[in-house]
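One structure is given here, and the rest of the page talks about it.
The values are calculated or read from the model by the stated rules, or taken from the named source; none is laboratory data. Nothing here was measured: the structure is a model prediction, and the numbers come from that model. No Cβ is skipped: glycine too gets one built from the backbone with ideal geometry, and neighbour counts run over all protein chains shown. Just the protein is used for accessible areas: all its heavy atoms, side chains included, with ligands, DNA and RNA removed. Shrake-Rupley method; radii C 1.70, N 1.55, O 1.52, S 1.80 Å.
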Amino acid sequence: MGHPVLRAPASPVPDPTAPEIQTLVRDMVETMDDADGAGLAAPQVHVPLRLVIFHVPADREESDEGSDAGDEDSSVPLTILMNPVIEPLTEEQDMGWEGCLSVPGLVGAVPRFTKIRYRGVTLGGAPIDRIAEGFHARVVQHECDHLDGILYPQRMTDLSLLMFREEMKHGAPGAVEDEDVDDMEAEAS
Ligand code: NI
């Protein structure tokens with residue numbers, strides 16, 4: 001947090017088929033897997049390009065809002081998304097706890113749109129056009145915010161809900177627990 005590349009808007013990926021983009025994606029996937037996270041944005045590895053990666057494991061998506069109309073597997077495979085455009089499909093927002101590799105040691109409750117459409121291109125230049133809800137929508141909003149120089153604390157509406165992860169262990173009444181936190185890029189704790 002505070003590094004110039006995390007504060008500035010990133011530039012469009014000029015050529016989604018370029019070999020150096022493939023190399024970047026490979027490095028990012030490795031970093032995301034090492035951190036056991038759900039996503040990563042290029043500025044987090046100090047590359048100022050509009051590129052994010054993410055996936056939603058099957059056990060992750062138990063969307064609290066009953067968004068699913070009976071589809072049993074709402075997991076999302078590893079997605080490489082370049083030059084994304086997000087469009088909220090509802091005004092409804094949900095609060096959810098997020099952690100971020102670029103904001104180590106902290107967690108915060110962040111409002112996010114519960115349903116979005118996102119578009120962009122994947123590695124090789126094929127178009128992506130998807131509708132996302134629940135955790136899937138949350139991770140895409142979190143990661144794409146990195147492309148505009150926005151970290152999750154800037155999205156918070158109640159800063160009393162920004163806290164040290166350590167404090168979650170104290171088990172105060174009503175306190176958030178570790179498993180409630182959506183670690184977008186997770187940090188080893
Ligand atoms: Ni993040």
Being open to solvent by 90 Å² or more (accessible area, probe 1.4 Å), touching a helix residue (DSSP H, G or I) at 6+ places or on another chain (Cβ under 7 Å) and either at pLDDT below 95 or within 16 Å of the ligand (Cβ to nearest atom) (or both): is that true of residue 166 here? no
Could you tell me which residue of the range 1-28 is farthest from residue 142 (Cα to Cα), considering only residues that are in contact with a strand residue (DSSP E or B) (Cβ under 6 Å, 6 or more places away or on another chain) and not small (Gly, Ala, Ser)? 16
Considering every residue within the range 10-23, establish whether at least one is in a helix (DSSP H, G or I) and within 14 Å of the ligand (Cβ to nearest atom). no
Checked against (1) within 11 Å of the ligand (Cβ to nearest atom); (2) within 20 Å of residue 5 (Cβ to Cβ), residue 149 satisfies every condition except (1)
